[in-house]
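The values are calculated or read from the model by the stated rules, or taken from the named source; none is laboratory data. In this text the structure is predicted, and so the values were computed from the model without any measurement. Heads up, the Cβs are rebuilt from the backbone with ideal geometry, glycines too, and the neighbour counts pull from every protein chain shown. Quick note on the areas: whole protein, heavy atoms, side chains included, nothing else; ligands and nucleic acids left out. Shrake-Rupley method; radii C 1.70, N 1.55, O 1.52, S 1.80 Å.
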Amino acid sequence: MSHMLRGENLGLIFMRQVALQDVYSHFGVTRSMVDNRAFYSNKGIMSFAPLYICASEQEITSGLYGPDERQPNLASEFIQELERCFGLQFIADGKGDLRVTFGPEDALHYIYAVFHSPTYRQRYDQFLRADFPRVPYIDDVELFRAIVGLGQKLTQLHLMESPALSQTGIGFPIPGDYVVESGYPKYVPPGHSLPGQAVPIEESRVYINKDNDRSGKRGQYFEGISPEVWEFRIGGYQPMEKWLKDRRGRVLSFDDLNHYQRMGFALAETGRLMTEIDAAIEDADGLFQQE
């Protein structure tokens, strides 16, 4: 974690030995320090790999490294294998042009995209539950470029840095006290009726509190979150449910409302990109022959 404090960095989150009935989904990316129990498992804590190893104060003071120097946290054998597969030259920082060069961030985007392939997760489900995830190689540079591009979009979404997050399509139409009440959130899918009403709703709703007949207050809700997004799981949790559960009793600020809406859009886009990754791979056997 110290390498996340010494300068701008990226970190890959993953887990070894997961005991869950759901498909393995314990992958994440961050620019910050993280809690060791951010993912669910009853077999241990998660693992964290910074993309760059940054110089310590002692190394800087001794003159061994400059204050802004950092080294890629990638095994030399891995780098050499990627160079051999793609005929590209590795650069030690940032991203390459993917025509002549590739960099550590390209490698991370490739890894992150492959780890979000539904085919990869299903095929190696039992292995992922027992050991560290392994990275498969390919020898198709065009496919590599496509996968890196998809991985970069995923990374931007999960870091909440994607320009696409400016328009989420998720509403919050009812004013009120913005308190997440005990027993909430409650999800009402489209086509279902609200309690005491006969007409089904057209758009799904995530309620954070209830109607109050005495005061005339209407229950507040987010609108337009699909069942797939509501049920989407990362690391053993449903983010759209857990985020609100963790805020029971609190008043949601404008920034909170905006963040939740952006989360919903990011998860919807994640599902779409995961499908695109498998479509780009097409012949999964060709990608997953070597690990």
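Of everything in the stretch 24-49 that's open to solvent by 80 Å² or more (accessible area, probe 1.4 Å) and either aliphatic (A, V, I, L, M) or in contact with a Cys (Cβ under 7 Å, 6 or more places away or on another chain) (or both), which residue is modelled with the highest pLDDT?
Residue satisfying both the conditions and the ranking: Met33.
The rows are residues; the columns are (1) buried (at least 16 other Cβ atoms within 10 Å of the Cβ); (2) modelled with pLDDT of 95 or more; (3) β-branched (Val, Ile, Thr).
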site	(1), (2), (3)
Arg247	yes, yes, no
Val251	no, yes, yes
Asp255	no, yes, no
Asn258	no, yes, no
Glu291	no, no, no
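Can you give me the number of residues within the stretch 164-178 that are outside any loop (DSSP other than H, G, I, E, B) and under 21 Å from Thr275 (Cβ atoms)?
2
Kindly check whether there is at least one residue in the stretch 146-155 that is without any contact (Cβ under 8 Å) to a residue 40 or more places away in the chain and in a helix (DSSP H, G or I).
no
Does Leu287 meet the test of being at pLDDT 95 or above, under 25 Å from Val18 (Cα atoms), buried (at least 17 other Cβ atoms within 10 Å of the Cβ) and not acidic (Asp, Glu)?
No, not satisfied.
Can you find, within the stretch 150-164, the residue that is farthest from Tyr112 (Cα to Cα) among those that are out of contact with any strand residue (DSSP E or B) (no Cβ under 7 Å at 6 or more places or on another chain) and surrounded by 18 or more Cβ atoms within 10 Å (Cβ to Cβ)?
Ser162
Please count how many residues of the stretch 179-221 are under 27 Å from the mean Cα position of the chain (by Cα) and open to solvent by 60 Å² or more (accessible area, probe 1.4 Å).
Qualifying residue count, the stretch 179-221: 2.
Determine whether Arg205 is farther than 25 Å from Glu83 by Cα and modelled with pLDDT of 95 or more.
So Arg205 fits the description; yes.
Looking at the stretch 50-81 only, could you name the residues that are of a type in the set (Gly, Ala, Ser) and open to solvent by 30 Å² or more (accessible area, probe 1.4 Å)?
Hits for the stretch 50-81 are Ser62, Gly63, Ala75, Ser76.
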